[in-house]
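A.B. asks: Have a look at this one.
Where a number appears in this text, it was derived from the coordinates with a stated rule and is not lab data. In this text, all values refer to a predicted model and were calculated from it rather than measured experimentally. Positions of Cβ are generated from backbone atoms using ideal geometry, with glycine treated the same way; all protein chains shown enter the neighbour counts.
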């Protein structure tokens, strides 16, 4: 979100009324240059609404803001005596600006949220939410609808129910729905090739419409019941099933009555996992924020069709000087950028621009969205419950962060670092007798492993001898730090390591030292860690430049921490190698078949499950695959059987 705008006072000084020293530890000249850039931009601005971007010398966005009056808002950044330290640093890094005018402030807010999610500027409140939420999908593009878990865009025809907070919640619900309504979960390709009921029928989780154990009209009746249940008409469905159970028992058809009894129990199991159900809350999200120690946790609970679909905790990246209301407002504006918006959003705090955000969300959702901060009653209890969960999640996070910080302090002492490391990079290689060689880098810091910073290096230098671990390490480190020098030579972007840790011994360390020396990076701390005799965990030996190798005490917490770092690098390297090896096998098996492109290859794999099964398939089986004609099926069959 942008700066606060007040027509009477364009921008207020920091709390306490005293303007901060604009020099900011030698940044005076840089601030002056940034102010000059911003001042030149101000001369071209109009008083219309819009979005502005501060850019650094690499062209990356430092900050994205929106304004009702662009000229007045951007002018604020030239008043350095009133800027807090965070914004002074931003101005010092600014070398260019980009501006987009919009018709309304609502359009500006929507564009701002979109750009923040896409560009991830370091001076904005950032919601790192790279996972889409799972939904339950009842398909409508097949005569016999399927129930399945779905992520991503809602492009397939059918009814979507959700979002659910986790894949586990969806899986539990689908399992119970299968027991309650006996709907198929198999793919259309599997459905079309069945000749007898599968295991799901045997364990009473499917009615086997694939082999007509149930008539199509009766199956569609089950689908209708499931749709009613998922849209909130659960009591109606349960009453109907109860009536049918009693009728069957009255006819002394106890086997049928038992089927209805089991279905009713399955529905009750779904409702037992809903935790809290509040009358009057049909489709709503409950969002609560809690702040401790400069960190903010935001809990989001999802209520759909009157039922609780679970909750998820978020820890948005923000400056410690930003208050809860400001961070929560930025969170709400970004959160729904790629998600459907419910009609009601309950909040723990009033937002700074609540009416504007509500209007923007209404425009995006194409229906009225109400942002409400309940003060009493049942809805307030929902907020209190969300706040309790936020406090608990934040306490766990802070405890983990505290213990992590202590471990990093020990690492600094062990490796002789000048300060506690904020970024440790761990490197490892993986291959089998030189085939599909990969190098991998994992990253760790005070908040734990930073998986979005992991990197894979496909070893591709023809001079690298297959299976030469030292040469692989040399190529990986050279590529990593050549790129770092090109992208951030001044090391100001937070992407340089405070410690380089290699999985290996003296040989790997020697290679690492040579690479850093060749690149003029001899000041980077580097070390290696190797397993002891017989590769025993707990007897690791640490290698440092210019010092004899040494071992830590077996029960030293720092040793366990270093083992975790090394094991994570090893896990990532092995997984990357296996994925590359599988891809290579797939290429050799199917890509050599004439007439097989990406679409047909995908159809074959979906149908048979593996390339090996395709090679073993008979001609009739190949012809049954969707998109595979008799001519193509013959080509595939002949390709795999020409020597037989």
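A.B. asks: What percent antiparallel are the DSSP beta bridges of the chain, to the nearest 5?
C.D. replies: 80
A.B. asks: Still on this structure, I have one more. For labels at residue 629 and residue 641 in the simple 7 Å Cα→Cβ model, what's the distance in nm?
C.D. replies: 2.1
A.B. asks: Another question, then. What is the spin-label model distance, in nm, from residue 227 to residue 418 if the labels are put 7 Å beyond Cα along the C-beta direction?
C.D. replies: A separation of 6.7 nm, rounded to one decimal place.
A.B. asks: Between residue 151 and residue 254, what is 0.36 nm times their sequence separation minus the Cα-Cα distance? Round to one decimal in nm.
C.D. replies: Full extension from residue 151 to residue 254 adds 33.0 nm.
A.B. asks: With each label point set 7 Å from Cα along the Cα-Cβ vector, what nm distance links residue 495 and residue 166?
C.D. replies: Once both label points are built, they end up 3.4 nm from each other.
A.B. asks: Relative contact order of the range 592-641, please, whole-number percent, based on alpha carbon pairs below 8 angstrom and at least 6 residues apart.
C.D. replies: This gives 42 percent for the range 592-641.
A.B. asks: At 37 °C and 0.692 mPa s, grab the translational diffusion coefficient of the range 284-395 from Stokes-Einstein with a Kirkwood Rh over Cα pairs, rounded to a whole number in µm² per second.
C.D. replies: Estimated via Stokes-Einstein, D reaches 233 µm²/s.
A.B. asks: Quick check: the distance between the Cα centres of the range 47-74 and the range 457-510, to the nearest angstrom?
C.D. replies: Here the answer is 37 Å between Cα centres.
A.B. asks: Per 0.36 nm of contour for each residue apart, how much would the distance between residue 202 and residue 282 grow if the chain were fully extended, relative to their Cα-Cα spacing?
C.D. replies: So the chain would gain 25.2 nm between residue 202 and residue 282.
A.B. asks: Subtract the Cα-Cα distance of residue 460 and residue 320 from 0.36 nm times their separation in residues, and report this length gain in nm to one decimal.
C.D. replies: 46.0 nm
A.B. asks: Rounded, prolate or oblate: pick one for the range 290-351, where a ≥ b ≥ c are the square roots of the eigenvalues of its C-alpha gyration tensor, a/c under 1.5 means rounded, and failing that, prolate if a/b is larger than b/c, else oblate.
C.D. replies: Prolate, because a/c is 1.5 or more and a/b exceeds b/c.
A.B. asks: So if we plug the beta-carbon distance of residue 368 and residue 292 into 1/(1 + (r/R0)^6) with R0 = 41 Å, what FRET efficiency do we get, rounded to 0.05?
C.D. replies: E(calc), rounded to 0.05, equals 0.75.
A.B. asks: Counting each DSSP H run of 4 or more residues in the chain as -39500 (n - 2.57), what helix-only mean residue ellipticity at 222 nm follows after dividing by all residues, to the nearest 500 deg cm²/dmol?
C.D. replies: My calculation for the chain gives -14000 deg cm²/dmol from helical runs alone.
A.B. asks: Per q in 0.09, 0.11, 0.12, 0.19 Å⁻¹, report the Debye log10 I(q)/I(0) for the range 50-202, using one uniform scatterer on each alpha carbon and no solvent.
C.D. replies: -0.53, -0.64, -0.69, -1.11
A.B. asks: Could you work out the relative contact order of the chain? I mean the mean sequence separation of Cα pairs under 8 Å and 6+ apart, divided by the number of residues, in percent.
C.D. replies: 8
A.B. asks: For the range 284-395, calculate the relative contact order in percent as a whole number, restricting contacts to Cα pairs under 8 Å that are 6 or more residues apart.
C.D. replies: Once normalised by length, the contact order is 33 percent.
A.B. asks: In addition: Given a Förster distance of 25 Å, report the FRET efficiency between residue 398 and residue 571 from their Cβ-Cβ distance, rounded to the nearest 0.05.
C.D. replies: My answer for the efficiency is 0.40.
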